[in-house]
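Derivation of every value follows stated rules applied to the coordinates shown; laboratory data play no part. Remember, it's a predicted structure, so these values are computed and weren't measured experimentally. For neighbour counting, all protein chains shown are included, and Cβ atoms are generated from backbone atoms with ideal geometry for every residue, glycine included.
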Protein chains: 2
Amino acid sequence: MVKNKTKFSVPGFLANGISVGIKKADQKDLGLIYSTVPAKVAAVFTKNTFKAPPLLINEERVKRGIAQAIITNSGCANAATGKEGYKDALIISDALSKQLNIREELVLMGSTGVIGKRLPVKKIEGGIGKLVKGLNDAGIEDAETAMMTTDKYPKIAIRKGVVGAKDITICGIAKGAGMIEPNMATLLTYVMTDALIDSKALNTVFHQAINSTFNSISVDGCMSTNDMAIILANGLAGNNPLEKVQARLQHFREMLTDVLMELCQAVVKDGEGATKFISIMVNGAKSKSDARCAAYSIANSNLVKTAFFGEDPNWGRIISALGASGISMEKEKVVLSIGDVLVFSQNSPLDFNPNKLKEVFQKDRIDVQVDLGGGDKSYYVYTSDLSYDYVKINAEYST
Amino acid sequence: MVKNKTKFSVPGFLANGISVGIKKADQKDLGLIYSTVPAKVAAVFTKNTFKAPPLLINEERVKRGIAQAIITNSGCANAATGKEGYKDALIISDALSKQLNIREELVLMGSTGVIGKRLPVKKIEGGIGKLVKGLNDAGIEDAETAMMTTDKYPKIAIRKGVVGAKDITICGIAKGAGMIEPNMATLLTYVMTDALIDSKALNTVFHQAINSTFNSISVDGCMSTNDMAIILANGLAGNNPLEKVQARLQHFREMLTDVLMELCQAVVKDGEGATKFISIMVNGAKSKSDARCAAYSIANSNLVKTAFFGEDPNWGRIISALGASGISMEKEKVVLSIGDVLVFSQNSPLDFNPNKLKEVFQKDRIDVQVDLGGGDKSYYVYTSDLSYDYVKINAEYST
């Protein structure tokens, strides 16, 4: 086990990422995260009916509240593979548990890549020895790289702080560029922390943090068979335990949300072919579900997304997408601003400077604000534009 | 009034299309359809909250059951323009009614183009004299051309047949390439017929025919502020009147559905940047709404659409989109075929010939069939692929 200096390490966690030949040209495609002691675990899984076998296995194992390792391959999603896919995943989990000398139920698994193809089990099994041997406390970046597919860059975020009278660390990694959808966790997000925390508290806090971060992003409105977010907390910081309803739990949640928000913004910025980061804020809704529905109707509109890509200040498409959301609203009360330009109010366009709006559309980050004037509920969504490269990347993915 | 030979004419209907300078470079942008006698009318309007002023006016007028003229401009949608936009539309309708010497309530209006810009009222008013003067019984193609925006070609369909002991004609025109969404009528579809038909029967039959045609197409899942379908029936054929629950009404409905289906397929084929015509058929659903939801989840998936564009037989994306639909299904019972290749059954990929599937993806028309194995309800949707040109067309639309 090699010890390196790195800014991305968490006490008690080792990681590694290697190439076993699932992807082309010696790219890393098999990663491992390992806690030297069994850790508390919480997780959020995709709601897709055709949830991939590794996730079905994880769902059962996570119920015990303890896990110790997450092995992830890229290049093949092991989804829509039925019973054979399930058996394939179990072969990997069995081999890894033997190599790590831990109980098999402590192994979690992730897979990402093409759907409907069998996992190259032999290649993965054959690499597990090397993968485990190379585990090191500076290996988190390698583990992250090994789960990238169409991602242009790795996504890692870390926060350190004093919680419960001790220094604690929270480090998260994420893989995702397309197929991101609300209510679906994310693609793959793994969080490691040495904080000592009660199982129930971990579960509550993790769900809250995911809801206010990853469940508010949308790249293409598609939801995957393999999306999943997992947190492992190994307790090695030895802090005063974090339990329900404590100020220190609140502090931990803020740090965790911060880590997830950084990852989630990185995912949107790296959205397949994305050239812009767009935030859609809907205020003044009667209910949160109305605000959410309005925000997603705008964020998922291909016409809105292409206008942003083309830097075409065609704001009418935002109004059209809002009107198509199906929520009830008084159109006289709706106010639309893009950046600092007020464009629409009292059901009419305002007399703004078109050059100023054009400038807003030319920026890398664009803030869209809608006020429905009908209540006090709000919702925000982060999204990206729709570019030639989105089409290019996705038209040529499996071949 | 010039009399020309054309295959597209309907007794008692005159039409024309001219350029008044709303669009660039002398393109036709103002069209008129006129029945020499007041006609029975039925219509379907967009459900967008920000329905354009001309549609709001039409909705009121159509309630009277009679109309005689439809004037349509392209290049400006007169939507999200508030009270001023409403007044602009009334100026046009007033000017046209005077020129035609008919009651203003018999004038219907359509607008298509950029949302949020005021209508160039002076240009339109100035052109109305010429528009009316040029009305002729072979002018339907000109009227159609005048309402095109990103359409690559005009869409006209005609059927003739004996109904109620007389020859009758049904001719429809459609304008639409993007922003087409179910439950939303279409973009603009106008149907002219000389059949003699009772108002209630016309309304029932038109809604039924729209539901089984235009409400089953989806190009980009966006629904416009200006979508509308109108039928005018001037009764000049003098047939035995068509009323409810008659065999001849059934025959009329079949002819009408045929006309609308031809238009609707032309609209999908001309979908912005479309290179493929894709039909999604979902069978074996518990309810029609489940079947519909599943079909649209597949049809509106950008990942599925880009795979078709790239001729990439990445069928797992169809399963993923189906699983993301949110309907309940027994995944063991789901069967997926693409063209004549059975690809997925009993929750597992089948042992098909990948070259055969590749060939299916290379065709211009692709049939996707899903059987949910859970009931006897079905739904189909026609859609197109998502190409570079979709992005190109829509990134540069308003500028």
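Over the whole of B:49-55, what's the average partner chain Cβ count within 10 Å per residue? Rounded to a whole number, please.
Mean partner shielding for this stretch: 4.
Where in the range A:263-297 does the label zone of residue A:376 land, with the point 7 angstrom along Cα→C-beta and an amide N cut-off under 18 Å?
Only A:282-292 pass the distance filter.
Please give the average number of partner chain Cβ atoms lying within 10 Å of the Cβ of each residue in B:297-309, rounded to a whole number.
Whole-number average of other-chain Cβ neighbours for B:297-309 is 5.
Relative to the present Cα-Cα distance, how much length would full extension add between residue B:200 and residue B:27 at 0.36 nm per residue of separation?
58.4 nm
Straight-line reach from residue B:155: which aspartates and glutamates have a Cα under 12 Å away, not including same-chain ones fewer than 8 places off?
Result set, ordered by chain and number: B:141, B:142, B:144, B:262, B:270.
Indicate, rounded to the nearest 5 percent, the antiparallel portion of the DSSP beta bridges found entirely in chain B. All intermediate terms of the calculation are to be shown ahead of the outcome.
Details: 52 of 74 bridges.
Rounded to the nearest five, the antiparallel share is 70 percent.
Grab the DSSP H runs of chain A that are 4 residues or longer, score each as -39,500 (n - 2.57), total them, divide by all residues and round the 222 nm result to the nearest 500 deg cm²/dmol.
About -10000 deg cm²/dmol.
How far apart are the residue B:289 label points across copies, placing each 7 Å from Cα toward Cβ, in nm, shortest first?
1.2
So what's the net charge close to residue B:161: Lys and Arg +1, Asp and Glu -1, counting the other residues with Cβ under 13 Å from its Cβ?
That sum, taken over residues with Cβ under 13 Å, equals +1.
Could you state the number of Å between the C-alpha centres of the range A:308-374 and the range A:94-116?
If we compute the Cα centre of each part, the gap is 48 Å.
For the range B:14-26, in order, what is each residue's ³J(HN,Hα) by Karplus, 6.51 cos²θ - 1.76 cosθ + 1.60 with θ = phi - 60°, in whole Hz (x at glycine and Pro)?
10, 8, 6, x, 9, 9, 10, x, 7, 8, 7, 6, 6
Place the label 7 angstrom along Cα→C-beta at residue B:37 and in each other copy, then list the distances from the first to the rest in nm, shortest first.
For residue B:37, the other copies' label points sit at 9.4 nm, shortest first.
Given label points at 7 Å from Cα along Cα→Cβ, what nm distances, shortest first, separate residue A:94 from the same residue in every other copy?
Computed spacing set for this position: 8.5 nm.
Considering only Cα-Cα distances, which of the following residue pairs are longer than 20 Å: A:117/A:305; A:356/B:117; B:23/B:117?
Distance filter (> 20 Å) returns A:117/A:305.
Exposure proxy check: B:175, B:28, A:356 ranked by fewest other beta carbons within 10 Å?
A:356, B:28, B:175
Taking every residue in A:319-330, how many Cβ atoms of other protein chains lie within 10 Å of its Cβ, on average?
The mean count of partner-chain Cβ atoms within 10 Å per residue comes to 6.
Return the percentage of antiparallel bridges among DSSP beta bridges fully within the range B:275-399, rounded to the nearest 5 %.
Details: 16 of 23 bridges.
Within the range B:275-399, antiparallel bridges account for around 70 percent of the total.
Mind checking which lysines have their Cα closer than 23 Å to the Cα of residue A:40? Skip sequence neighbours fewer than 8 apart in that chain.
Counting by Cα, and skipping residues close in sequence, residue A:40 has these lysines nearby: A:63, A:98, A:160, A:166, A:175, A:200, A:244.
Pull up the cross-link candidates among the lysines for residue A:377, meaning alpha carbon to alpha carbon under 16 Å and not fewer than 8 places away within one chain.
Answer for residue A:377, where 16 Å is the Cα cut-off: A:286, A:288, A:333, listed by chain and number.
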